[in-house]
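One structure is given here, and the rest of the page talks about it.
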Amino acid sequence: MSDDPASPCTGTCTLDPLTRLCRGCARTIDEIMAWPAASAGQKRAILAAVGTRRQSVSDRSK
């Protein structure tokens, strides 16, 4: 059994021209491209960064 986290991809693959983040999963293009070859630890780090980004966006919209 693999300890790889699931991809955060939502199938809404559109990069925002201002933030340069995917509008569906909040990853950068570099993170999206690195995902398939990334180790489980690297994937968890990407997911942590995504969580921080989403929280930041949520905080700004309040």
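Cβ contacts < 7 Å: first residue closer than 19 Å to A38 by Cβ and touching a residue at least 40 places away in the same chain (Cβ under 8 Å), restricted to the range 1-21; second residue in a loop (DSSP other than H, G, I, E, B) and of a type outside the set (F, W, Y), any location; separation 6+ or different chain. Result?
Final answer for the pair search is P8/C25; P8/R27.
Can you name the condition, by its number, that A26 falls short on among (1) exposed (fewer than 15 other Cβ atoms within 10 Å of the Cβ); (2) in contact with a Lys or Arg (Cβ under 6 Å, 6 or more places away or on another chain)?
Unmet condition: (1).
Looking only at the range 1-21, which residues are over 17 Å from A49 (Cα atoms) and in contact with a Gly (Cβ under 8 Å, 6 or more places away or on another chain)?
Hits for the range 1-21 are G11, T12, C13, T14.
I'd like the residue in the range 27-40 that is in a loop (DSSP other than H, G, I, E, B) and either over 21 Å from Q55 (Cα atoms) or at pLDDT below 95 (or both) and, out of all such residues, is nearest to the chain's Cα centre (by Cα). First the steps, then the outcome.
Here is the first cut: in the range 27-40, the residues in a loop (DSSP other than H, G, I, E, B) are 27, 38-39.
Still in the running and either over 21 Å from Q55 (Cα atoms) or at pLDDT below 95 (or both): 38-39.
Details: A38: 13, S39: 15 Å.
Ranking the candidates gives A38 first.
The values are calculated or read from the model by the stated rules, or taken from the named source; none is laboratory data. Since the model is a prediction, treat every value here as computed from it, not as a measurement. Cβ atoms come from the backbone with ideal geometry, glycine included; neighbour counts cover every protein chain shown.
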